[in-house]
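Peer 1: Following this message is one structure expressed as structure tokens.
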Amino acid sequence: MASVTLAESAKLAQNDLVAGLIENVITVDRMFEMLPFDGIDGNALAYNRENVLGDVDVEGVGDTIGAVAAATFTQVTSTLTTIIGDAFVNGLIAATRSGDGNNQTAIQIASKAKSAGRKYQDMLINGSGAAEQFTGLIGLCASGQKVDTGNNGGALSFSFLDNLLDLVVDKDGQVDYMTMHARTIRSYKALLRALGGANISEVYELPSGNQVPAYGNVPIFRNDWIPINQTKGAGSAQTTIFAGTFDDGSRSHGIAGLTAANAAGLSVVSVGESETKDESIYRVKWYSGLAMFSEKGLAAAEGITN
């Protein structure tokens, strides 16, 4: 006599379903936890950077003062953009398929919110400044703030890291972060191991209690939004390391995220029912941007080959 089959028995029982979702779309960005945000009125923030200082000279008694040139400035404007998306949830699905701890509406809204955060993190590094994107760190770093890694780039070295940190001077030489791709962190650890018996456990403790690698007491944040397919000269498969400062609220140092003062952070708006379908619409949006107040608060080592 044949036993009941697995397929047949499945008609009489259901598998356990784990509540919630297990994240599978993940890009590591430890730096985002530390980025300060500044709420602004209006849709843009304007600020002035020193260009040329007013000159001075040393004069003797009775000399005519020749140092009369005035200071000049460069005005910079950082604008807000809108990260936005609509979640549509069918009424029948919301009413009948939200059991087992899985609220269909909440899951769709949470997914849109996660996508909004990922879009910001991507633009923080790669934003082009076109098509409503704000400009990211790759585009913001001034030419005079870049380490010379050779015409075709070069392998990571302690010398490159030292030169990179030396370029960040807007907080009197204090450096708040370095950020690099996971591939470059592996190369950094290989450099330490190559010293022979070196202590590779230098770490920096974040306010959250989590720890990250450090170099010279500067935290190193893994950021896999940094591309590893860049080219410099005849080189290929290269990447960039950034170092810099975070603004401290004075709007004069390094970088800070921007958001609307009266609508800070992500917001969810119930748009209502679709006119033509049995669907509820929920709008997830974030008015956000990025400011780099001081050019001396951001430096980059481009063309890193490992």
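Peer 1: From the C-alpha coordinates alone, can you work out the Kirkwood hydrodynamic radius of the stretch 160-227, in Å?
Peer 2: 13.0 Å
Peer 1: Which of these, Val61, Val269, Val76, has the largest mean-square fluctuation under a Gaussian network model of the chain (Cα springs below 10 Å)?
Peer 2: Greatest mean-square fluctuation among the candidates belongs to Val61.
Peer 1: What share of all Cα pairs of the chain, in percent, falls into each consecutive 20 Å distance bin?
Peer 2: Computed distribution, short to long bins: 25, 45, 23, 5, 1, 0, 0.
Peer 1: How big is the stretch 42-108 by Rg and Dmax over its Cα atoms, in Å?
Peer 2: For the stretch 42-108, the Cα-based Rg and Dmax read 30.9, 93 Å.
Peer 1: Another question about this same structure. Please state the equivalent ellipsoid semi-axes for the stretch 101-148: what are the square roots of 5 times the Cα gyration tensor eigenvalues, largest first, in whole Å?
Peer 2: Details: eigenvalues 241, 24, 4 Å².
Semi-axes, largest first: 35, 11, 4 Å.
Peer 1: Where both residues lie in the chain, what percent of DSSP beta bridges are antiparallel, nearest 5?
Peer 2: Restricted to the chain, the bridges split so that about 80 percent are antiparallel.
Peer 1: On to the next question. What's the magnitude of the charge dipole for the stretch 171-255 around its Cα centre, counting Lys and Arg as +1 and Asp and Glu as -1 at the beta-carbon? Answer in Debye, nearest 20. If you can, show how the numbers build up before the last one.
Peer 2: On the way: 8 positive and 7 negative charges, 90 e Å.
Here the stretch 171-255 has a charge dipole of around 440 debye.
Peer 1: Rank Ala70, Tyr47, Gly60 by how far each Cα sits towards the positive end of the charge dipole of the stretch 23-101 (+1 on Lys, Arg Cβ; -1 on Asp, Glu Cβ) and give me just the farthest.
Peer 2: About the Cα centre, the residue reaching furthest to the positive side is Tyr47.
Peer 1: Hand me the tally of lysine pairs in the chain: alpha carbons under 16 angstrom apart, and the pair either on different chains or 8 or more positions apart. Before the final figure, lay out each step's value.
Peer 2: Details: Lys112/Lys285; Lys114/Lys285; Lys119/Lys285; Lys146/Lys232; Lys146/Lys296; Lys171/Lys296.
Qualifying lysine pairs in the chain: 6.
Peer 1: Between Asp41 and Asp278, what is the FRET efficiency for a Förster distance of 30 Å, r being their Cβ-Cβ separation, to the nearest 0.05?
Peer 2: On the way: r = 40 Å, r/R0 = 1.34.
With a Förster radius of 30 Å, E is 0.15.
Peer 1: Given 10 °C and 1.306 mPa s, compute D for the stretch 130-282 with the Stokes-Einstein relation, Rh being the Kirkwood radius over Cα pairs; round to the nearest whole µm²/s. Mind showing how you got there, number by number?
Peer 2: Values: Rh = 18.6 Å.
In µm²/s, the coefficient rounds to 85.
Peer 1: Would you tally the net charge around Val268, using a Cβ to Cβ cut-off of less than 14 Å, leaving Val268 out, and scoring K and R as +1, D and E as -1?
Peer 2: Values: positive: Lys112, Lys114, Arg283, Lys285; negative: Asp86.
Residues near Val268 contribute +3 overall.
Peer 1: Debye sum, Cα scatterers, the stretch 141-186, no solvent: what log₁₀ I/I(0) at q = 0.18, 0.19 1/Å?
Peer 2: Result of the Debye calculation: -0.63, -0.70.
Peer 1: So if I place +1 on the C-beta of Lys and Arg and -1 on the C-beta of Asp and Glu, and nothing else carries charge, what would the dipole magnitude of the chain be about its Cα centre? I want it in debye, nearest 20.
Peer 2: On the way: 21 positive and 33 negative charges, 235 e Å.
So the magnitude is around 1120 debye.
Peer 1: A further question on this structure: Name the residue farthest towards the positive end of the dipole of the chain from the options Ile93, Leu266, Ile125, assuming +1 on Cβ of Lys and Arg, -1 on Cβ of Asp and Glu, about the Cα centre.
Peer 2: Of Ile93, Leu266, Ile125, it is Ile93.
Peer 1: Excluding Leu137 itself, what net charge comes from residues whose Cβ is under 13 Å from its Cβ, given Lys and Arg +1 and Asp and Glu -1?
Peer 2: Values: positive: Lys146; negative: Asp29, Asp122, Glu295, Glu302.
Taking every other residue near Leu137 into account, the sum is -3.
Peer 1: Nothing charged except the Cβ atoms of Lys and Arg (+1) and of Asp and Glu (-1): what's the magnitude of the dipole of the stretch 47-145 about its Cα centre? Round to the nearest 20 debye.
Peer 2: On the way: 6 positive and 9 negative charges, 203 e Å.
Rounded to the nearest 20 debye, it is 980 debye.
Peer 1: Once neighbouring chains are kept in place and the probe is 1.4 Å, which whole percent of the accessible area of the stretch 190-252 is contributed by carbon and sulfur?
Peer 2: 48 percent
The values are calculated or read from the model by the stated rules, or taken from the named source; none is laboratory data. All values derive from a computational prediction rather than experimental measurement. Every residue, glycine among them, receives a Cβ derived from its backbone with ideal geometry; neighbour counts consider all protein chains shown. To get the accessible areas, we keep the full protein, side chains included, count just its heavy atoms, and leave off ligands, DNA and RNA. Shrake-Rupley method; radii C 1.70, N 1.55, O 1.52, S 1.80 Å.
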